[in-house]
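One structure, pasted below without further comment.
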Amino acid sequence: MTEVIAVAVITVLAVISPGADFAMVVRNSYLYGRTTGLLGAVGVAAGVLVHVTYTMLGVGLLIASSTALFTAIKLVGAAYLVYIGVRTFRARADLAVDLESKPGLTRLGALRTGFLTNALNPKTTLFVVSTFTQVVGPDTHLWQQAGYGLFMSFAHLAWFGVAALFFSDSRLRTAMLRRQNTLNRAIGSVLVGLGVTLGFAR
């Protein structure tokens, strides 16, 4: 049960923390409309599954080959959570989103943009790897690991789908971006706490 809660909390915090995927969905929703924004969100969720797949394979091999190495990587993952927590807390500048007028995206183009944004996003890579190394152990079944991965992907789809719906309206976009610094401080504090707690957990 503790594993499930940890995955849920870390995933939610990571998903709602503004990054390249957030900027892309905001920009495309604002410029090209809700359909384009929603397709971008689907692409983002699909990109997460790329990281989940190779992470599941890698974590399984680590557990089988070297417990000490797995423990070391687990500590690195905890340190990463603390690191991104501190960086998120200290972030003060508003998220920059390019809203210059550009030609519209095709449906395939919107999907591809979302997919590549997260498939090539270092933040997503580190988030997935660090989360899995914190909660997956020798007794964690494969189906359970797959469930964690699907939850991560679904959480991205849900959050960015909502972002696409809201950010097609310029008034809502402005209101949310005004509260970005407060959101960053709250997310950063919780991530640091989680990183420290998981780092000392046995």
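The values are calculated or read from the model by the stated rules, or taken from the named source; none is laboratory data. Quick caveat, the model's predicted, so the values are computed rather than measured. We place every Cβ from the backbone using ideal geometry, glycine too, and count neighbours over all the protein chains shown. Accessible surface is based on the protein model in full, side chains and every heavy atom, while ligands, DNA and RNA are left aside. Shrake-Rupley method; radii C 1.70, N 1.55, O 1.52, S 1.80 Å.
Against the definition (modelled with pLDDT under 80, open to solvent by less than 60 Å² (accessible area, probe 1.4 Å) and in contact with a Lys or Arg (Cβ under 7 Å, 6 or more places away or on another chain)), how does VAL59 come out, yes or no?
no
Please determine, by comparing only the residues of region 37-56 that are within 12 Å of THR113 (Cβ to Cβ) and touching a Ser or Thr at 6+ places or on another chain (Cβ under 7 Å), which one is surrounded by the fewest Cβ atoms within 10 Å (Cβ to Cβ). Give the derivation first.
Pass one, region 37-56, residues within 12 Å of THR113 (Cβ to Cβ): 37, 39-44, 46-47.
Cutting the leftovers down to touching a Ser or Thr at 6+ places or on another chain (Cβ under 7 Å) gives us 37, 40, 43-44, 47.
Details: GLY37: 28, GLY40: 31, GLY43: 27, VAL44: 32, GLY47: 21.
Checking each candidate, the answer is GLY47.
Does THR71 satisfy the criteria of being among the hydroxyl-bearing types (Ser, Thr, Tyr), open to solvent by 60 Å² or more (accessible area, probe 1.4 Å) and modelled with pLDDT of 85 or more?
In short, no.
Okay, moving on. Within region 74-85, is even one residue at pLDDT 70 or above, charged (D, E, K, R) and within 23 Å of LEU142 (Cβ to Cβ)?
Checked region 74-85: no residue is at pLDDT 70 or above, charged (D, E, K, R) and within 23 Å of LEU142 (Cβ to Cβ).
Can you tell me which residue is modelled with the highest pLDDT among those in region 94-107 that are within 25 Å of ILE16 (Cα to Cα) and open to solvent by 80 Å² or more (accessible area, probe 1.4 Å)? It would help to see each step written out before you state the result.
Filtering region 94-107 for residues within 25 Å of ILE16 (Cα to Cα) gives 94-100, 105, 107.
Restricting the remaining residues to those that are open to solvent by 80 Å² or more (accessible area, probe 1.4 Å) gives 94, 96, 100, 107.
Details: ASP94: 53, ALA96: 53, GLU100: 53, ARG107: 90.
Going through the qualifying residues, I end up with ARG107.
Another question, then. Please go through region 114-168 and pick out each residue that is in a helix (DSSP H, G or I), closer than 20 Å to GLY40 by Cβ and of a type in the set (S, T, N, Q).
Listed by number, the residues that qualify are THR117, ASN118, THR124, THR125, SER153.
I need a count of the residues in region 136-172 that are farther than 29 Å from THR71 by Cβ, open to solvent by less than 20 Å² (accessible area, probe 1.4 Å) and under 17 Å from the mean Cα position of the chain (by Cα). Break it down stepwise before answering.
Step one: list which residues in region 136-172 are farther than 29 Å from THR71 by Cβ, which gives 154, 157-172.
Next cut, open to solvent by less than 20 Å² (accessible area, probe 1.4 Å) only: 160-161, 163-164, 167.
Still in the list and also under 17 Å from the mean Cα position of the chain (by Cα): 160-161, 163-164.
Matching residues across region 136-172 total 4.
Which condition number does LEU177 fail, the rest of (1) open to solvent by less than 50 Å² (accessible area, probe 1.4 Å); (2) farther than 26 Å from TYR30 by Cα; (3) at pLDDT below 75 being met?
(2)
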